[in-house]
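Here is the structure we will look at.
We did not get these values from a lab; they are worked out from the coordinates using the rules stated. All values derive from a computational prediction rather than experimental measurement. With ideal geometry, Cβ positions are generated from the backbone for all residues, glycine too; neighbour counts draw on all protein chains shown.
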Amino acid sequence: MKKIIIAALFTSSCLMAAESVQANKSGVDGEAFYKKRCSVCHGEKGEKADLKGMIPLAGMDAGKLARTVRAYRDQEERHGAYAIYETNQVMREATYSISNQQISAIATYLSALK
C-alpha cells in the first residue's frame, strides 16, 4: 500500500512538472504577470531573498516552483501527507486567484532567469 501511494504521488508530481514546462502554450505572459503580481516581494528578476525563509526564485526548476506556488495557493485544501509546506498567509493571499496556467507561465519565466 505504501509503495502504491508513493508511486501515485511521484506520478502526480511528474505530470505537474510537465504541465509547467508547457506554459507558453497557454498564452499567458509569465514575465508581465510576474512583474505585476510577484516582483514587489521577490524582486524585479526574482533575485530578492531578504525576507525570512525567502530564497531567490531566478533559475529555480520550473516544476518545483510551480508545485510550491500551487501548494501555497491550495493550502486550505491540504491534509495529512499533502501538507508539505508550512502555512503562509501572505503567499496564500497573493496566490488565491492565480490559475494553473498563470502559475506555469510564471515558473517558466523565472526558471529561464540567471
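Couple of notes before you dig in:
- Between amide H atoms placed 1.01 Å from N, distances below 5 Å from Lys48 occur with Gly43, Leu57, all of them 5 or more places distant or on a separate chain.
- In a fully extended conformation the segment linking Cys41 and Lys114 would gain 24.5 nm over its present Cα-Cα distance, using 0.36 nm per residue.
- Sorting the segments 62-69, 107-114 by their residues' average number of neighbouring beta-carbon atoms within 10 angstrom, most packed first, yields 62-69, 107-114.
- Amide H contacts of Leu113 (H built 1.01 Å from N, in plane; Pro and chain starts excluded): Gly59 sit under 5 Å, all sequence-distant by 5 or more or on other chains.
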